[in-house]
């Protein structure tokens, strides 16, 4: 664990000095406060908009931070030849990847939770409140961040940084829609049996990231469900996170450095 913390600390030190994250943070805070000027609607519609716009951008900015902090980590360490002294400490390849993963996760979650605090203060100032459903929203978004960062790290082990970044962003943008598309395809009449089996197999294998988004429940003040009912979704996300970390570690062990 000491080796993992060493790699994680290096990630935190490296990205704490990068201006990109501070720019994203400033833009996100600006979006939240500029939303307060949308006062031309009736009170009910205005309240939904004040909640909706920040909740739309919050996962986008948070997951962008996660991708930016992890997509080039492995390639940069190899390119700059700083990986070899690390592995000579000795730090195992698994510890190296886990440290990178945890460093990226910590940076992203700090970003997310500080933004969430600004969001809560903003709504409180406007006379609106958030209940336990917003906590559920943050928990599920946190798990989604785990999954996206693990997926990006997995891809970065065998792809170039540019390709990794592109694939990770595409995965984030379309992963919510793929299950719906596959579900519609399974309803097509007279579908060839082979195609049907293939589509159903892909539907079962791929992570269904759409289940982590409960922003509508926050916006429309739906009645919150008991906390324990979201635990299966959390376990589902953590399972795929571990799958991607395992696959990334396995490929990294096989990779010629």
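The values are calculated or read from the model by the stated rules, or taken from the named source; none is laboratory data. All values reported here derive from a predicted model rather than from experimental measurement. All Cβ positions, glycine included, derive from the backbone under ideal geometry; neighbour counts span all protein chains shown.
If we keep just the residues of segment 173-191 that are surrounded by 16 or more Cβ atoms within 10 Å (Cβ to Cβ) and under 20 Å from the mean Cα position of the chain (by Cα), which is farthest from residue 235 (Cα to Cα)?
178
Among the numbered criteria (1) modelled with pLDDT under 80; (2) within 21 Å of the chain's Cα centre (by Cα); (3) surrounded by fewer than 18 Cβ atoms within 10 Å (Cβ to Cβ), which one does residue 194 miss?
So residue 194 meets the others, but not (2).
Please work out which residue is farthest from residue 158 (Cα to Cα), limiting yourself to segment 41-76 and to residues that are modelled with pLDDT under 80 and assigned to a loop (DSSP other than H, G, I, E, B).
My answer is 42.
Of the residues 117, 170, which single one is modelled with pLDDT of 90 or more and loosely packed, with under 14 Cβ neighbours inside 10 Å?
On the way: 170 fails: modelled with pLDDT of 90 or more.
Answer to the selection: 117.
Just the residues that are more than 24 Å from residue 136 (Cβ to Cβ) and surrounded by 12 or more Cβ atoms within 10 Å (Cβ to Cβ), please, taken from segment 202-217. Steps first, answer last, please.
Here is the first cut: in segment 202-217, the ones more than 24 Å from residue 136 (Cβ to Cβ) are 202-205.
Answer for segment 202-217, where residues must be more than 24 Å from residue 136 (Cβ to Cβ) and surrounded by 12 or more Cβ atoms within 10 Å (Cβ to Cβ): 202, 203.
Return the residues of segment 83-99 that are surrounded by fewer than 17 Cβ atoms within 10 Å (Cβ to Cβ) and assigned to a loop (DSSP other than H, G, I, E, B); say none if nothing qualifies. Even if it seems obvious, please write down each step before you answer.
Here is the first cut: in segment 83-99, the residues surrounded by fewer than 17 Cβ atoms within 10 Å (Cβ to Cβ) are 84-85, 87-90, 92.
The answer is 88, 89, 90, 92.
Could you tell me whether any residue of segment 75-93 is under 23 Å from residue 22 (Cα atoms) and touching a residue at least 12 places away in the same chain (Cβ under 8 Å)?
yes
Against the condition farther than 16 Å from residue 135 by Cα, at pLDDT 75 or above and surrounded by fewer than 16 Cβ atoms within 10 Å (Cβ to Cβ), how does residue 199 come out, does it pass?
On the way: farther than 16 Å from residue 135 by Cα: yes; at pLDDT 75 or above: yes; surrounded by fewer than 16 Cβ atoms within 10 Å (Cβ to Cβ): no.
Spelling it out, it is not the case that residue 199 is farther than 16 Å from residue 135 by Cα, at pLDDT 75 or above and surrounded by fewer than 16 Cβ atoms within 10 Å (Cβ to Cβ).
Out of all the residues in segment 63-85, which are touching a helix residue (DSSP H, G or I) at 6+ places or on another chain (Cβ under 6 Å) and farther than 30 Å from residue 140 by Cα?
Looking only at segment 63-85, we keep the residues that are touching a helix residue (DSSP H, G or I) at 6+ places or on another chain (Cβ under 6 Å), and these are 63, 65-67, 69-75, 77, 83.
77, 83 - these are the residues of segment 63-85 that are touching a helix residue (DSSP H, G or I) at 6+ places or on another chain (Cβ under 6 Å) and farther than 30 Å from residue 140 by Cα.
Identify the single condition in (1) under 23 Å from the mean Cα position of the chain (by Cα); (2) within 22 Å of residue 177 (Cβ to Cβ); (3) in contact (Cβ under 8 Å) with a residue 60 or more places away in the chain; (4) surrounded by fewer than 16 Cβ atoms within 10 Å (Cβ to Cβ) that residue 220 does not satisfy, given that it satisfies every other one.
The number of the failed condition is (1).
Out of 135, 143, 157, which single residue is surrounded by fewer than 17 Cβ atoms within 10 Å (Cβ to Cβ) and at pLDDT 80 or above? Talk me through it step by step, then tell me what you get.
Values: 143 fails: surrounded by fewer than 17 Cβ atoms within 10 Å (Cβ to Cβ); 157 fails: surrounded by fewer than 17 Cβ atoms within 10 Å (Cβ to Cβ).
It is 135.
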